[in-house]
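Down below is the structure, laid out as structure tokens.
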Amino acid sequence: MGKPKSSRKSSHASSAASGVQHSAESLLEKAEDLVAQCNCELAVRFCDRVLESEPTHCGALECKAVACLQSNQLDVAEACLRQAIEVSPDAGASKYLYLAQLLQGQDSVAAYTGAIQVLQREIETAQRERDSAAETAAAREIAEAFCGIAELYMTDLCDEEVAQDTCVDCCERALQYDAQSAQAMQTMASVSMSSSQPEAALSWIQQSLAVWHAPTQMGAGGGSAAPSAATVDSGEGTTALERVPPFEFRINTAKILMELGQHPVAMEVLGQLLREDAEVVEVWYLLALAQHLHGPAGDDSTTAAAALPPVLVSLSRAKVLYTRLQCEQPGIQAHLDELLSTYPSAEVENELAAADTLFAAPDGLVSAIPSLGILPDVDDAHPDNQQGGSMDTSEE
């Protein structure tokens, strides 16, 4: 048991260690708050203070890595993540997932695989402890990791002989862990398109949309669709649940829809994105392109065309925003100019001037979004009512 003196000494040492630990955790908490505020430089300083006293503090290493990622110090971020993995390889999947995003090819696959192994152990622990929330969270992260691997086999590793089969296998495994994985379904849509299976692609993208896209905009027959698993009754009508994917994911959703000729549904998705952020050039450009490709031709009625804003409005806003933000996407710029050249020059000048005035006014563009008439009628927007088609995005 040890002598009383030794016991007191041990108690004092424990108390001192506790004080150091408390200080480290307080500094780390402040660093994490600073990262959330995008004050990455100061966040790194707080992390370094922790690492001065505890060089292998895994939390500080990972927090510093995230701050460096946000400030584009990629080499430092990678070094911190590798050290954090070396210190604690069997706990914490996030450091593997961050590293996977930094790496390429098989190195990235290895990092995703490491994350999956950690998360599988977390699921086993959650099952023993009957913690269903933790089990669900870990399963969703595993699904996202499998989707990350699938994406690699569609990009970096697309030339490998097993690329397509690996993509499909990863998506299927993702859906085993998370049957409502919109990412897995959308990736399956992309795989189906690459293998010239448009009907399968359409089925997959519709399933993905059903997870997060507001069902009242997807209904057929002139009414609202029945509530799905992706909706709740808030007392004020049916609203979408929390599983709305990231902004960039939904831009890709719109691109896939346009490739499949589902232009009105793509316009719905793009309209929602504009309501969230009206200053993204690519969204305005894609909206204009969807309007241009959809047009009145091929539609027996003029209702859908009448419900859409003039293509010129969207083109003008995309053009003005491109100039204001000093973008460097020559493919988009060239295509905007090409499309604008099909309109009378006087009309183009008027619309460009109006768009410039709108962007210059505080909240002018945002306040104008709801009145643009971007979203088509419900009947027109339903995928089952669309004709097939394709979009050439090579100019992007």
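Summary of computed values
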{"item": "The stretch 93-153, accessible surface, carbon-and-sulfur percent (1.4 angstrom probe)", "result": "42"}
{"item": "Spacing of the two label points (7 Å from each Cα toward its C-beta) at Thr136 and Arg275, in nm", "result": "2.5"}
{"item": "Stretchable slack from Asn252 to Ala79, in nm (0.36 nm times residue separation minus alpha-carbon distance)", "result": "59.1 nm"}
{"item": "Equivalent-ellipsoid semi-axes of the stretch 80-187, from the Cα gyration tensor, Å, largest first", "result": "23, 19, 9"}
{"item": "Peptide ranges 159-166, 282-289, 108-115 listed from the most packed, as the mean C-beta count within 10 angstrom indicates", "result": "282-289, 108-115, 159-166"}
{"item": "The stretch 72-139 - accessible surface per residue (Å², probe 1.4 Å)", "result": "55"}
{"item": "Cβ crowding within 10 Å averaged over residues, with 51-57, 62-68, 188-194 ranked highest first", "result": "62-68, 188-194, 51-57"}
{"item": "Karplus 3J(HN,Hα) series, Hz, for the stretch 124-131 with 6.51 cos²θ - 1.76 cosθ + 1.60 (x for Gly, Pro)", "result": "4, 5, 4, 5, 5, 8, 6, 9"}
{"item": "Sites Gln117 and Ala334 - FRET efficiency at Förster radius 56 Å, r taken between beta-carbons, to 0.05", "result": "0.75"}
{"item": "Computed lengthening from Tyr343 to Glu160, 0.36 nm per intervening residue step minus Cα-Cα distance", "result": "61.3 nm"}
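The values are calculated or read from the model by the stated rules, or taken from the named source; none is laboratory data. Remember, predicted model here, so these are calculated numbers, not experimental data. In this analysis, Cβ positions are derived from the backbone assuming ideal geometry, glycine residues included, and neighbour counts consider all displayed protein chains. For the accessible areas, the whole protein counts, side chains as well, though only heavy atoms, and no ligand, DNA or RNA atoms are used. Shrake-Rupley method; radii C 1.70, N 1.55, O 1.52, S 1.80 Å.
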